[in-house]
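Let me begin by presenting the structure, written as structure tokens, before commenting on it.
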Amino acid sequence: MTKKRYSIVGVMSGTSLDGIDVVYIQFELDDVWHFEIIYSETVSYNLDWEKTLRNLVSYNTGELQQIDKDYTNYLSDIIKDFINRNNIKDIDAVCSHGHTALHQPEKNRTYQIGNKPILAKLLGETVVCDFRVQDVKLGGQGAPLVPIGDKLLFSEYDFCLNLGGFANISTEFNNHRIAYDVCPVNIVLNHYTKLIGLDYDDGGKIAATGSMHNKLLDKLNSFSFYKEDYPKSLGLEWVKKNIFPLIDTFQLETKDILNTFIEHIAIQITKEINRKKHSSVLITGGGVYNNFLIEKLKEYSQHKIIIPSNTVVEFKEALIFGLLGVLKLRNEINCLKSVTGATKDHSSGEIYLP
């Protein structure tokens, strides 16, 4: 008989490099799925790992494979420490996204480091991981994967919007869940604040003092990606190829770059959510704390903006990768073709036993 309750450690590392999110969750199924996040933590990267991860697209295959081994060991230490400090005894599985090194679905390539089978041995726990590869093999984008969690855990909202390294959005359309990446967010904002010695623009205060540069804004909004239909997804490679070189040609002050890029983000997001009238929008991810950005979104949209508890804001993706792992353990669909463009709905990921 299939279980109704699961105790799960969910693990997520996003492209904004703000750290590794680790959560301990209780899932329970009656007619619908319920969850409770018991413990949660973000472990910041040290300078060496941050530098390595920021430059993953520049390494060759051999170098990436060694980094993958090293990162898997590093990840196991982070997870073991989290389990031990919180005295967690009951674990059905550790469900981990890993960290995206390459994401080129148009070339049938996606590679997340930290998903090696040795992780299960190092932890002494069942591990469910590597959720993207199978979807790409089935012709999908391999992203976004969070929408199945939006559908099963947050169905009362018309839109689920995550403001992480990238903005991605999820909604129901013609009785199907659709989702896609909208535009870069923290992957760009944090890049430029780091150039002036800060990890991020606290509350968007620096951006708020800047001036918008109309010519840069027009060029940002003219990228062909924004005219493409879903399914579609973005990666660090696209940002490095398109966004950074464009912004750098203008030689603007950081405050003006941040101001202009937040305007760009707000325009692209509200263009998507304004397709529905009078909707509720659940917003999560680190970008929630950029007050300047949130005010812009409120200014340009006609919707009810809902920001949940800090725990859900910060750990929703780790929570949902935990759920993806549960669904994989149950051999149930955790990847939707309506979202990724794959040839079929499927149960994605690998299960490794200790």
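Counting only residues that are of a type in the set (Phe, Trp, Tyr) and more than 19 Å from the chain's Cα centre (by Cα), which one in segment 299-354 is most open to solvent (accessible area, probe 1.4 Å)? Even if it seems obvious, please write down each step before you answer.
Keep residues of segment 299-354 that are of a type in the set (Phe, Trp, Tyr), which gives 300, 315, 321, 352.
The next check asks that each one be more than 19 Å from the chain's Cα centre (by Cα); those that pass are 300, 352.
Values: Tyr300: 71, Tyr352: 46 Å².
My answer is Tyr300.
The residues listed here are Glu263, Glu295; of these, the one that is surrounded by fewer than 17 Cβ atoms within 10 Å (Cβ to Cβ), at pLDDT 95 or above and of a type in the set (D, E, K, R) is Glu295. Of the numbered criteria (1) part of a loop (DSSP other than H, G, I, E, B); (2) over 19 Å from Lys316 (Cβ atoms), the one Thr15 fails is (2). The residue that is most open to solvent (accessible area, probe 1.4 Å), counting only those in segment 244-260 that are farther than 18 Å from Tyr300 by Cα and among the β-branched types (Val, Ile, Thr), is Thr249.
Just wondering, is there one or more residues in segment 238-256 that are among the charged types (D, E, K, R), more than 22 Å from Arg54 (Cα to Cα) and assigned to a helix (DSSP H, G or I)? Talk me through it step by step, then tell me what you get.
Pass one, segment 238-256, residues among the charged types (D, E, K, R): 240-241, 248, 253, 255-256.
Those left that are additionally more than 22 Å from Arg54 (Cα to Cα): 253, 255-256.
Narrowing the set further to residues that are assigned to a helix (DSSP H, G or I) leaves 255-256.
Yes - at least one qualifying residue is present in segment 238-256.
Quick one: count up the residues across segment 214-243 that are open to solvent by 60 Å² or more (accessible area, probe 1.4 Å) and within 17 Å of Asn190 (Cβ to Cβ). Summing the residues that are open to solvent by 60 Å² or more (accessible area, probe 1.4 Å) and within 17 Å of Asn190 (Cβ to Cβ) in segment 214-243 gives 1.
Residue pairs whose Cβ atoms lie under 7 Å apart, separated by 6 or more positions or on different chains, with the first residue in segment 269-295 and in contact (Cβ under 8 Å) with a residue 24 or more places away in the chain and the second of a type in the set (Asp, Glu), are Lys276/Asp158; Ser279/Asp158; Ser280/Asp158; Val281/Asp158; Gly286/Asp18; Asn290/Asp201.
Tally the residues that are open to solvent by less than 70 Å² (accessible area, probe 1.4 Å) and either touching a residue at least 24 places away in the same chain (Cβ under 8 Å) or under 20 Å from Val11 (Cα atoms) (or both), restricting the search to segment 32-69. Reasoning before the result, please.
Step one: of segment 32-69, the residues open to solvent by less than 70 Å² (accessible area, probe 1.4 Å) are 33, 35, 37-38, 40-43, 45, 49-50, 52-57, 62, 64, 67-68.
Adding the requirement that they be either touching a residue at least 24 places away in the same chain (Cβ under 8 Å) or under 20 Å from Val11 (Cα atoms) (or both) leaves 33, 35, 37-38, 40-43, 45, 49-50, 52-54, 56-57, 64, 67-68.
Residues that pass the stated criteria total 19.
Could you tell me whether segment 267-278 includes any residue that is part of a helix (DSSP H, G or I), open to solvent by 20 Å² or more (accessible area, probe 1.4 Å) and of a type in the set (S, T, N, Q)? Spell out how you get there, then give the answer.
Looking only at segment 267-278, we keep the residues that are part of a helix (DSSP H, G or I), and these are 267-273.
Cutting the leftovers down to open to solvent by 20 Å² or more (accessible area, probe 1.4 Å) gives us 267, 271.
Now narrow it down to the ones that are of a type in the set (S, T, N, Q): none.
Taking every residue of segment 267-278 in turn, none turns out to be part of a helix (DSSP H, G or I), open to solvent by 20 Å² or more (accessible area, probe 1.4 Å) and of a type in the set (S, T, N, Q).
The conditions of being more than 26 Å from Leu293 (Cα to Cα) and either without any contact (Cβ under 8 Å) to a residue 12 or more places away in the chain or surrounded by fewer than 17 Cβ atoms within 10 Å (Cβ to Cβ) (or both) are not met by Asn115.
The values are calculated or read from the model by the stated rules, or taken from the named source; none is laboratory data. In this text, all values refer to a predicted model and were calculated from it rather than measured experimentally. Cβ sites come from the backbone with ideal geometry, for glycine too, and all protein chains shown count toward neighbours. Calculation scope for accessible area: heavy atoms of the full protein, side chains included, ligands and nucleic acids excluded. Shrake-Rupley method; radii C 1.70, N 1.55, O 1.52, S 1.80 Å.
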